[in-house]
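A short worksheet on the structure shown next.
The values are calculated or read from the model by the stated rules, or taken from the named source; none is laboratory data. None of the values given here were measured: they were computed from a predicted structure. Quick reminder, even Gly has a Cβ in these numbers, built from the backbone with ideal geometry, and neighbours come from all protein chains shown.
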Amino acid sequence: MNSEEPVVQGATDAGEPGEPGEQLTGRQRLLKGLWPPRLSRAQLIVALLLFVLGLGLAIQVRSTSESSALRGARQEDLVRILDELDNRTQRLEDEKQRLEGQRTELETSSDQAEEARKQTAEKERQLGVLAGTVAAQGPGITLTISDPTGSVEADTLLDAIQELRAAGAEAIQINDVRVVAGTYLADADDGVRVDGRKISAPYRFKVIGKPEDIEPALNIPGGVVQTLQKEQATVSVAREEKIVVDALRRANRPDYARSSSQ
């Protein structure tokens with residue numbers, strides 16, 4: 001009796017033409033189902049979460065390992081580690097103190113520089129008043145000399161200037177001319193020349209200084225007022241709470257004299 005043999009048709013991979021009569025094993029079918037991978041969005045999210053979880057576990061294991069290493073370290077090693085930490089802390093503290101010291105020095109230097117600048121500016125103003133290059137104001141007196149007979153000469157006015165300086169005058173102006181250390185006077189027709197500029201009577205002195213010292217000095221016997229009265233001049237002295245000396249001189253650079261500190 002003839003036995004009928006079953007006819008097995010060859011199975012091919014879906015999407016790929018197989019050879020006629022080729023039969024795939026179960027393993028081959030499994031591999032073809034896994035590759036190329038077909039991942040859904042949910043599978044990608046799960047994979048990412050598993051990766052993050054694994055990374056966190058690895059970090060925790062490492063930290064635990066380090067802590068376990070310290071717990072298992074010898075006493076000498078722990079002492080050495082503590083000494084290193086103490087030394088590092090001390091170095092940081094020293095560096096902090098050094099930086100704070102530098103900051104204090106910079107602030108102090110800035111304050112000193114500002115104070116020096118203020119003192120220099122004040123000294124410049126004081127020298128400017130004496131040199132006549134800046135205006136000045138303050139208490140003082142006004143001295144007015146009328147000369148109807150024309151008998152008042154340059155030497156008499158110069159004596160008045162010297163008497164005012166001796167009494168403490170700090171700034172002097174005659175009419176519209178500023179009187180300074182190098183001021184000179186000379187006689188001129190119908191008047192007097194002060195530093196080359198002619199002025200005429202009445203001669204008005206504006207003087208800054210202490211009125212209580214200057215006025216009595218002018219009125220002493222044999223003083224300026226009495227001398228001028230002998231010259232047939234009329235003299236008046238008045239105290240003022242505020243005198244403004246605003247006639248200015250041009251600052252001239254010396255040709256030869258220089259500061260010895262240069």
Among residues of region 114-146 being of a type in the set (Gly, Ala, Ser) and under 31 Å from the mean Cα position of the chain (by Cα), the residue farthest from residue 181 (Cα to Cα) is 116
Within region 251-262, can one find any residue that is in contact (Cβ under 8 Å) with a residue 60 or more places away in the chain, over 16 Å from residue 201 (Cβ atoms) and touching a strand residue (DSSP E or B) at 6+ places or on another chain (Cβ under 9 Å)?
-> no
What residue, of 104, 89, 64, 108, is assigned to a helix (DSSP H, G or I), hydroxyl-bearing (Ser, Thr, Tyr), surrounded by 10 or more Cβ atoms within 10 Å (Cβ to Cβ) and modelled with pLDDT under 65?
-> 64
Which members of region 142-162 meet the condition of being surrounded by fewer than 19 Cβ atoms within 10 Å (Cβ to Cβ) and assigned to a helix (DSSP H, G or I)?
-> 154, 155, 158, 159, 162
